[in-house]
Amino acid sequence: MERSEAVEKGLEFYNTGRPCKRNHVSDRRTDSAACEECHKERSKKEYHEKIRSNPEAMRRHSERIRDLRRKQSAELLAEKMQRKRTIAKISDGLRREYDGDLGR
């Protein structure tokens, strides 16, 4: 799809299937025709430069990352415990079924 078509349809993004100057084949922004991958890389670079130049921002950044990792760990642990409970229920049901077949 070309940019003009995306503008006519009121889309925020479009994809031509052709690579940008940095060889990304990703969506482009309709308002600026900028490659979304290039935009993400540029934003990430600017963010990290800002963080490195400001100790307070660096501290906040570190706290956000730490909190995110704690949350992800807690979610993974909850998923693991749920899987264990599910396996225990299945195994208990199979055990009862087996005992029933043996007449115990």
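Values quoted throughout were computed directly from the atomic coordinates according to the rules given, and no laboratory measurement underlies them. What you are looking at is a predicted structure, and each value in this text was computed from that prediction instead of being measured.
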Relative frequency of Cα-Cα separations exceeding 19 Å in the chain, percent: 70 percent
Helix axis angle, 36-53 relative to the chain longest principal axis, alpha carbon, degrees: 90 degrees
Surface/4 estimate of mean projected area, convex hull on alpha-carbon atoms of the stretch 38-98, nm²: 6.2 nm²
Cα long-axis angle, helix 55-102 against the chain (0 to 90 degrees, to the nearest 10): 30 degrees
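What translational D, rounded to a whole number of µm²/s, comes out for the stretch 1-60 from Stokes-Einstein when the hydrodynamic radius is the Kirkwood one over Cα pairs, at 37 °C and 0.692 mPa s?
Rounded to a whole number, D works out at 252 µm²/s.
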Gaussian network model of the chain, Cα within-10 Å springs - most flexible of 22, 60, 52: 22
